[in-house]
Amino acid sequence: MKQTLMFLAALFVAAVLCTNNIDKSKARSFSEETKFMIKLYKSIDGQLHYWETWDNDVKSAVVHWGIVGQKGQQKEIKSGLLTSFRKSVQKEIDQKLEEGYSEFEEDQISFLEIEYKIDGFGTDADLDKRQRLEERMDETLGWTGLGHTDGGSIGSGTMEIGCMVVDFDIAKKVIEEDLKDTEFSDYSRIYKMQ
């Protein structure tokens, strides 16, 4: 019995030590304080596909994949008694890299802005609206593999929300559809920053 307990304890220690065994040459490094995230893309038959993963908490990760501009599918990968979710995720990352997926080149990312007309430098209500829109766009762009918000500005008669996107045309269509018939539908324009 004592030997069995010692064996199980050794297996548990080995499993814990293996949780930090992500291949850092193929994926961004992470620490215990920060959550790991990676986004990979590949063009297949003229359509841009995404595959991404992020730590959900210290015992699980989310994997999300699909065609850019669509919500796609997702699954949760959890650690078991003797298994690490990070090892399972790393296997999927390695598989996607072998299939030709890669991180999007920074110089190919488009900067999209959503602009609203306001009076002067705006009000507290305008600022609250901008913050709500930033949260909404993070959700919309994130769950469609398109990108994320990158802050905003307010003053001099306009309010803008900036977004980093992998495909401007698809992002514009998705945003227009998402904002239709909402409190945010009164934008003056959605345009590409040069």
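The values are calculated or read from the model by the stated rules, or taken from the named source; none is laboratory data. Everything numeric in this text was worked out from a predicted model, so none of it was measured. Here the Cβ is made from the backbone with ideal geometry for all residues, glycine too, and neighbour counts use every protein chain on show. What goes into the accessible areas is simple: the full protein's heavy atoms, side chains included, and nothing from ligands, DNA or RNA. Shrake-Rupley method; radii C 1.70, N 1.55, O 1.52, S 1.80 Å.
Odds and ends about this structure:
- Within the stretch 142-169, the set of residues being farther than 22 Å from D126 by Cα and buried (at least 20 other Cβ atoms within 10 Å of the Cβ) comprises T144, G145, L146, G147, V165, V166, D167.
- In the stretch 147-161, the residues that are free of Cβ contacts under 8 Å to residues at least 60 places away in the same chain and part of a strand (DSSP E or B) form Cβ pairs under 9 Å with partners that are surrounded by fewer than 14 Cβ atoms within 10 Å (Cβ to Cβ) and among the acidic types (D, E), at six or more places apart or across chains, as follows: T149/E135.
- Failed criterion for D178 (all others in (1) touching a Phe, Trp or Tyr at 6+ places or on another chain (Cβ under 6 Å); (2) closer than 17 Å to G66 by Cβ hold): (1)
- The lone exception for E139 - which of (1) more than 17 Å from K180 (Cβ to Cβ); (2) open to solvent by 50 Å² or more (accessible area, probe 1.4 Å) it fails: (1)
- Comparison of K192, K172 shows that the only residue that is in a helix (DSSP H, G or I), open to solvent by 50 Å² or more (accessible area, probe 1.4 Å) and in contact (Cβ under 8 Å) with a residue 12 or more places away in the chain is K172.
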